[in-house]
1. Within region 134-147, is even one residue surrounded by 14 or more Cβ atoms within 10 Å (Cβ to Cβ) and of a type in the set (A, V, I, L, M)?
2. Out of everything in region 215-245 that is assigned to a loop (DSSP other than H, G, I, E, B) and at pLDDT 90 or above, what residue ends up being surrounded by the fewest Cβ atoms within 10 Å (Cβ to Cβ)?
3. Enumerate the pairs (first residue in region 116-127 and under 10 Å from L93 (Cβ atoms); second residue anywhere and among the basic types (K, R) and surrounded by 16 or more Cβ atoms within 10 Å (Cβ to Cβ)) with beta-carbon separation below 9 Å, excluding pairs fewer than 6 apart on the same chain, so at least 6 apart or on different chains.
4. Kindly indicate which of N176, N183 is part of a helix (DSSP H, G or I) and either within 30 Å of Q138 (Cα to Cα) or among the hydroxyl-bearing types (S, T, Y) (or both).
5. Return the only residue of D172, D179, D150 being farther than 20 Å from I63 by Cα, acidic (D, E) and open to solvent by 60 Å² or more (accessible area, probe 1.4 Å).
Amino acid sequence: MFSNMLSDSNFQDEVLTYQKISSSQSFEMEPYSDFESNYHMQLNTNERLQFQDTEDQEMIFKIKEDDTSLNFLNQELNKRKQKIWNDQEDQRLKHLFMEFQGKWNEIAKHMPQRNASQCQQRWRRINPPKDSRHIWTQEEDDRLKQLVQDIGKQWMKIAKCFGNITGKQVRDRYINKLDQSINKQPWTYEEDMLILYQYNINGPKWTKISNNLNGRPENHVKNRFYSYIKRNYLGEQNRYQKIYT
């Protein structure tokens, strides 16, 4: 009889224990962190685009993950304390620039605790380039188009015919504005996906990406990516935008 009572007691304890475990009141739900709250709110409120292909959606998710990792790395690098340049270093940099004719690897060897990239960036800061923008006139545009027809896309040779314009300025003007093969039709979904695919492989190499698009110059491709694709397909938000709960 005692064994039966003990068995019944154990059974009751097991039942009570199971009821406590299965009851929702027995758990203390931990509050969401700020990141989780923002993520759930964004997930439940933002309107998602309907993608035409599963592979397109997977590619976009991968780009988002890569961008997130890159942003985290940039934040960590920005936290590092940078040594401020002083007047003695600036003077030494100017002297070395003249001595080595702008060869930054050689200059950096004589600049303690400075690498070639830092020396180059500092030089540009203390010697800002003059405004190289050129306002093109209609006569210059007509002349540029005629020169391309006559001698081809020999930009340096064409630039010498103007005198005050560089080969890069001539090339950019013709390729992005004057070329008759420029496609001025609205962008298509297929073109956007091709830009995303090439960006995922090559990064922001706009000239290389534009070679895969008929009639879309690199400057047009770059503008399309930053003004539309990155916002609408990758869901990038303004970093200063506040999310209210």
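The values are calculated or read from the model by the stated rules, or taken from the named source; none is laboratory data. Nothing here was measured: the structure is a model prediction, and the numbers come from that model. Note: ideal-geometry Cβ built from the backbone for every residue, glycine included; neighbour counts use all protein chains shown. Each accessible area value is taken on the protein alone, full model and side chains, heavy atoms only, with ligands, DNA and RNA left out. Shrake-Rupley method; radii C 1.70, N 1.55, O 1.52, S 1.80 Å.
1. yes
2. First, pick out the residues of region 215-245 that are assigned to a loop (DSSP other than H, G, I, E, B): 215-217, 233-245.
With at pLDDT 90 or above added as a condition, the list becomes 215-217.
Working: G215: 13, R216: 23, P217: 21.
Among those residues, the one meeting the criterion is G215.
3. R122/R114
4. On the way: N183 fails: part of a helix (DSSP H, G or I).
The unique qualifying residue is N176.
5. On the way: D172 fails: open to solvent by 60 Å² or more (accessible area, probe 1.4 Å); D179 fails: open to solvent by 60 Å² or more (accessible area, probe 1.4 Å).
Step by step, each of D172, D179, D150 is checked, and only D150 is farther than 20 Å from I63 by Cα, acidic (D, E) and open to solvent by 60 Å² or more (accessible area, probe 1.4 Å).
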